[in-house]
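> Here you go, one structure.
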Amino acid sequence: MRHRTKKSNFHRRPGPLKALIRGYVYSLVEHGRIKTTVVRAKEVRRHVEKAITLGKKGTLHSRRLLMSRFPNETVVNILTGDLMKRFETRPGGYTRIVKIGARPGDRSDIAFLEFVDFVPQAATGEETVKGITEKAAERAKLKALTKSRLRKNVRKIQGASRREARAR
């Protein structure tokens, strides 16, 4: 029977599991959006929602509870400061999961876990729809060209050395 098994352990012991969830919570609070698997996003959402609800109280006790669960001063300050003001009228449901497809390597479902008031950088003009800045896209293109040129040069050198070896 699988009674009372809402959470997933991701095949980890309690210590590494706690570290994994803390890391995801830190990243989400600091950046506003993270990219992860759907299963992990659903698990992390539980912890983030509870942390925001606790941070909305704004009491010393809630702050100490947050520090005991997430021992990172900047994250606790964001939870009790910025996020408290952003979500003060919202009764719950602070995050959303946006499915974006499958990971190329193992076909795992990938999703964005983001706050409901998160505005992507594409609206401000800095980021493209794919999530890469224009300069980064140009750098990646240049890098690919450089690799293909390097590969061609290596093949020319290899061919020349083979011809020399045959001539001997």
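The values are calculated or read from the model by the stated rules, or taken from the named source; none is laboratory data. Keep in mind the model is a prediction, meaning the values are calculated, not measured. Methodologically, a virtual Cβ is constructed for each residue, glycine included, from the backbone with ideal geometry; neighbour enumeration extends over all protein chains shown. Heavy atoms of the whole protein, side chains included, go into the accessibility calculation; ligands, DNA and RNA do not. Shrake-Rupley method; radii C 1.70, N 1.55, O 1.52, S 1.80 Å.
> How much of HIS3 can a 1.4 Å solvent probe reach, expressed as accessible area in Å² and rounded to 10?
My reading of the accessible area for HIS3 is about 130 Å².
> Then there's this: Accessible area of ILE100, 1.4 Å probe, to the nearest 10 Å²?
80 Å²
> What list of ³J(HN,Hα) couplings, whole Hz, do you get for segment 80-93 from phi and the Karplus terms 6.51, -1.76, 1.60, once you set θ to phi - 60° and write x for glycine and proline?
Ordered by residue, 3J(HN,Hα) equals 8, x, 5, 5, 4, 6, 5, 10, 5, 8, 7, x, x, x Hz.
> Please list, ordered by chain and number, the residues whose modelled amide H lies under 5 Å from the amide H of THR95; skip anything fewer than 5 residues away on the same chain.
Under 5 Å from the amide H of THR95: VAL116.
> From largest accessible area down, sort LEU79, LEU60; use a 1.4 Å probe on the protein chains.
On the way: LEU79 0, LEU60 105 Å².
Ranked from most to least accessible, the order is LEU60, LEU79.
> Of the GluC sites (Glu not before Pro) in segment 1-99, which ones lie in a loop per DSSP and count no more than 10 other C-beta atoms within 10 Å? Don't skip to the end; give the middle numbers.
Working: sites: GLU30, GLU43, GLU49, GLU73, GLU88; in loops: GLU88.
Within segment 1-99, the qualifying GluC sites (Glu not before Pro) (loop, at most 10 other Cβ atoms within 10 Å) are GLU88.
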